Amino acid sequence: MFLHIYMYRLKCILRDKQNVFWTLMFPIILATLFYLAFSNLSNAESFTEIEVGIVDNEELREHPEFTEAVKSVPDLFNVTYTTKENAEKLLEDGEIEGYIHFDDGLKLFVKESGINETIIKSFLDDFLQTSSTISTIISQNPAAVQNGLPDSVFDRTDYLKAVPSGKAEPNTVVNYFYSLIAMACLYGSFSGLKEVLAMQGNLSYQGARVNMAPIHKAKIIIASMSAAVSFQLIAVTALLVYLIAVLRVDFGNQVGYIALTSIVSTITGVTFGTFISSVNRQSEGVKIGILIGSSMIMTFLSGMMYDKMKYIVHTKVPVLSYLNPANLITDSFYALYYFDTHARFFTNIALLCGYSVLFGTLTYLAVRRQRYASI
Amino acid sequence: MIIKVNNLVKRYDDLIALDHFNLEVKEGEIFGLLGPNGSGKTTAINCILSLLKYDKGTIEVYGRPMAPDAYDIKRNIGIIMQNVAVFDELTVYENIDYFCGMYIKDKKKRRELVEEAIEFVELDSFRKFLPKKLSGGLLRRLNIACGIAHKPKLIILDEPTVAVDPQSRRKILEGIRKLNDDGATIVYTSHYMEEVEEICTRIAIMDKGKVIALGTKDELKGMINSGEKITVEILEHNPDILEGVRSLPNIVSAEFNDNMLVAKSRRGKNNLSALLEYLRSSQINVGRIYSEPPTLNDVFLEITGKELRDHA
Ligand SMILES: Nc1ncnc2c1ncn2[C@@H]1O[C@H](COP(=O)(O)OP(=O)(O)O)[C@@H](O)[C@H]1O
Ligand SMILES: [Mg+2]
């Protein structure tokens, strides 16, 4: 039964030419356009170490663990230890991308917003996270200090990945492609919409007929969603293969994690679509409008049209970064590319899973309602 | 009793679509639900099927309360909705197979049933066609095949012949008879009285969400006062003739319509011969003569004071 519904739903999705164009072809076309537009840029901007200033003061010396952490990523930063005034001047002249000042806590000063600034900030965030872990351990279990625990915590030379210098990949461009993948995943929402229309008695005649079958609604939903997810995975895989094999965009070599990100993101996209289409009572056209509009806004905020957007959101309205599935998707790729540890990556994936479960549950609750007020 | 509906009330906001609607369908009958557009036929069907919420009343199918999760009841129902409900992306064969597969798990059995359904609606040469490529009549036949392939014991058809060419209409009506002969109980809704008269063994006439009359077609016609409508071709238009005809004991009305005299009679015997006798004795030359027994339209007209359907 499950397989029967699944196969036929997949057939319906694959034969819907409009849907296939938007979810399969459109991202590939867009990727090609991005590629053509950025190909000049990419030659100029190969990855180099990020110039960073650190203000050398008392407070810095009180935190040798920070200096250690900086030293642990020699290929990522080129550090200048200097005075506050000089750092200010270097930043003004564009000699450095930003400087770090220990002044009653860690402070970062930057002039522009961009990928490099985001990397510095992420580094600091990671550092703060690790050090607060340690203070918690110490305060809860002072004996641990004697056992040399803090050392082992800091002794994580690999905790920030050093991107090999001279790597061909342009770091600002890659984010456009990340958001493009995010968009492709979120376009799963259109297949999700199609599935809800096909099973809801008050949304389509076909749905009314499906409702007359002696089958539990949950079974139909799961089979239909699986079909939508499968198709979207085909679309996202095609895009990834095209990006990697044809356009030679470098995503690092963590294929497993990239696959995981794509699968989870696709499920988020599909469930987002089923959720939007099952909870509002508007017409199909309005629903499509809502889906297009929301995926545009989400991918815009994650940096698809303007790469600094991601950073702006991250600093100005951090909570939005976590609420925006598109951003979580781009950020997962981003974390894979720049970081060796997967803490940040898995935070994103966990949030995406959370959203999928939430959207899926809400869809079920909305669709399960069995008699309709009006057909 | 296959279906038993008791005092069903369904409102859409301020509009009362079903107003204490009652219905009983017995095993083996072709039950007709006849009523003008908007009288509540589709609403009644959708409530019976547990697709629609209703405000009051009880519905039993096969002696048990009908509910959305009454799967063992649903398994025995075939439904042909008033709107064609097939998937545009699937071919004729696939559509039938898809819906049939929701009832029948066994693949081999399903293949046989789908083949039988295709043969039944005579769509064999269209099996690979997408619905877009089918004419209105063929599409309706596909719609029917999707509803009956699993051989349900109760088949509900909601206006299955709307916008259908005469040939397809004939096939559909014959098909319904055949399904009934094979043992299925049929509920058939329509606003075409001729169809209902032709195939239904029992008929409920609906108006404004209520059943206003119920019985076999003869019983229904027996309920009213009107007798046959007599039409006589007369070449001379003499108003005296009308006066004379109207004065005949059992004649209710008489009018000229072009060169035809149209007279309506009350129920009774020998109305036609009395009229002809009068014309002959008045030495009026008559041409062709027709006598039509009362129709369900007359029944509807007499009970509600309006025509069953607008003269389109
Ligand atoms: N979804 C709906 N919302 C509001 N009114 C409706 C709806 N469906 C039907 N109606 C109204 O209910 C009445 C009965 O309609 P319906 O059952 O479709 O009649 P029929 O099938 O006999 O043509 C009509 O007046 C119709 O306008
Ligand atoms: Mg109707």
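Data for the structure
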{"read-out": "Peptide B:127-133 - average C-beta neighbours from other chains (10 Å radius)", "value": "0"}
{"read-out": "Cα gyration tensor shape of region A:185-340, rounded if a/c is under 1.5, else prolate or oblate by comparing a/b with b/c", "value": "prolate"}
{"read-out": "Residue among B:152, B:249, B:65 with the largest mean-square fluctuation in a Gaussian network model of chain B, springs linking Cα atoms under 10 Å", "value": "B:249"}
{"read-out": "Per-residue [θ]222 nm for chain B (sum of -39500 (n - 2.57) over DSSP H runs n ≥ 4, rounded to 500)", "value": "-10000 deg cm²/dmol"}
{"read-out": "Estimated FRET transfer efficiency when R0 is 41 angstrom, pair residue B:129-residue B:277 (beta carbons, to 0.05)", "value": "0.10"}
{"read-out": "Shielding score for A:210-221, defined as the mean number of other chain Cβ atoms within 10 Å", "value": "5"}
{"read-out": "Gap separating the Cα centres of region A:287-362 and region B:188-243, nearest whole Å", "value": "69 Å"}
{"read-out": "Within region B:157-185: backbone nitrogen closer than 15 Å to the residue A:205 label point (7 Å, Cα to C-beta)", "value": "B:157-165"}
{"read-out": "Proportion of all alpha-carbon pairs of the protein assembly as shown beyond 38 Å (%)", "value": "55 percent"}
{"read-out": "Angle between chain A longest axis and helix A:26-44 axis [Cα atoms, degrees, rounded to 10]", "value": "20 degrees"}
{"read-out": "Of B:211, B:25, B:262, the one that fluctuates the most in a GNM where chain B has Cα springs shorter than 10 Å", "value": "B:262"}
{"read-out": "Per-pair calculated FRET efficiency, R0 = 51 Å: residue A:222 and residue A:65 via Cβ, rounded to 0.05", "value": "0.55"}
{"read-out": "Estimated inter-spin distance, residue A:246 and residue B:70, nm [label 7 Å along Cα→Cβ]", "value": "5.6 nm"}
{"read-out": "Projected label distance in nm at residue B:170 and residue A:58, using a 7 Å step from Cα toward the beta-carbon", "value": "10.7 nm"}
{"read-out": "Contour minus Cα-Cα distance for residue A:32 and residue A:18 (0.36 nm per residue)", "value": "3.0 nm"}
{"read-out": "Those GluC sites (Glu not before Pro) in region B:204-298 that DSSP places in a loop and that have at most 14 other beta carbons within 10 Å", "value": "B:236"}
{"read-out": "Karplus-derived 3J(HN,Hα), 6.51/-1.76/1.60, for each residue of region B:140-156, Hz, glycine and proline x", "value": "4, 5, 5, 4, 5, 4, 5, x, 10, 4, 7, 6, x, 8, 10, 10, 10"}
{"read-out": "Length-normalised contact order of region B:226-293 in % [C-alpha pairs under 8 Å, at least 6 apart]", "value": "47 percent"}
{"read-out": "Rough spin-label spacing in nm, given labels placed 7 Å along Cα→Cβ, for residue B:109 and residue B:55", "value": "4.4 nm"}
{"read-out": "Flagged links, alpha-carbon separation over 22 Å, of B:217/B:269; A:11/B:128; B:26/B:210; A:11/A:219; B:107/B:133", "value": "B:107/B:133"}
{"read-out": "Lys/Arg +1, Asp/Glu -1 at C-beta; region B:3-221 dipole; positive extreme among B:45, B:190, B:95", "value": "B:95"}
{"read-out": "Cleavage-rule hits, trypsin sites (Lys or Arg not before Pro), region B:71-120, DSSP coil, Cβ neighbours within 10 Å at most 11", "value": "B:105"}
{"read-out": "Estimated FRET transfer efficiency (residue B:29, residue A:2; beta-carbon r; R0 45 Å; 0.05)", "value": "0.75"}
{"read-out": "Table column - 3J(HN,Hα) (Hz), region B:209-225, Karplus curve with 6.51, -1.76, 1.60, x for Gly and Pro", "value": "x, 10, 8, 9, 7, 8, x, 6, 5, 5, 4, 5, 5, x, 6, 9, 7"}
{"read-out": "Amide N proximity, region B:139-161 versus residue B:194 label position 7 Å along Cα-to-Cβ, cut-off under 15 Å", "value": "B:161"}
{"read-out": "Relative contact order for chain B, counting Cα pairs under 8 Å that sit 6 or more residues apart, in percent", "value": "19 percent"}
{"read-out": "Over chain A: helical MRE at 222 nm, DSSP H runs n ≥ 4 each giving -39500 (n - 2.57), nearest 500", "value": "-21500 deg cm²/dmol"}
{"read-out": "Reachable aspartates and glutamates from residue A:308, criterion Cα separation under 17 angstrom, eight or more residues apart if same chain", "value": "A:45, A:97, A:112, A:117, A:331"}
{"read-out": "Selection from B:57, A:130, B:299 lying farthest towards where the dipole of the protein assembly as shown points positive, charges on Cβ", "value": "B:299"}
{"read-out": "Unit Cα scatterers, Debye sum, chain B: log10 I(q)/I(0) for q = 0.07, 0.09, 0.10, 0.13 Å⁻¹", "value": "-0.37, -0.56, -0.67, -0.95"}
{"read-out": "Magnitude of the charge dipole, the protein assembly as shown, Cβ model with Lys/Arg +1 and Asp/Glu -1, debye to 20", "value": "3100 debye"}
{"read-out": "Relative contact order (percent, whole number), chain A, Cα cutoff 8 Å, 6+ residue spacing", "value": "22 percent"}
{"read-out": "Cα lying deepest toward the dipole's positive end in region B:226-293, options B:254, B:268, B:287, charges on Cβ", "value": "B:268"}
{"read-out": "Cleavage-rule hits (trypsin sites (Lys or Arg not before Pro)) in region B:203-312: DSSP loop, at most 16 neighbouring Cβ within 10 angstrom", "value": "B:208, B:267, B:269, B:306, B:309"}
{"read-out": "For residues of B:66-76, the mean tally of beta carbons on other chains within 10 Å", "value": "3"}
{"read-out": "Ordering of A:196-204, A:174-182 by burial proxy (mean other Cβ atoms within 10 Å per residue, highest first)", "value": "A:174-182, A:196-204"}
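Each value in this text was obtained by applying a stated rule to the coordinates, not by laboratory testing. Please read these numbers as outputs of a predicted model, since none were measured by experiment. In this analysis, Cβ positions are derived from the backbone assuming ideal geometry, glycine residues included, and neighbour counts consider all displayed protein chains.
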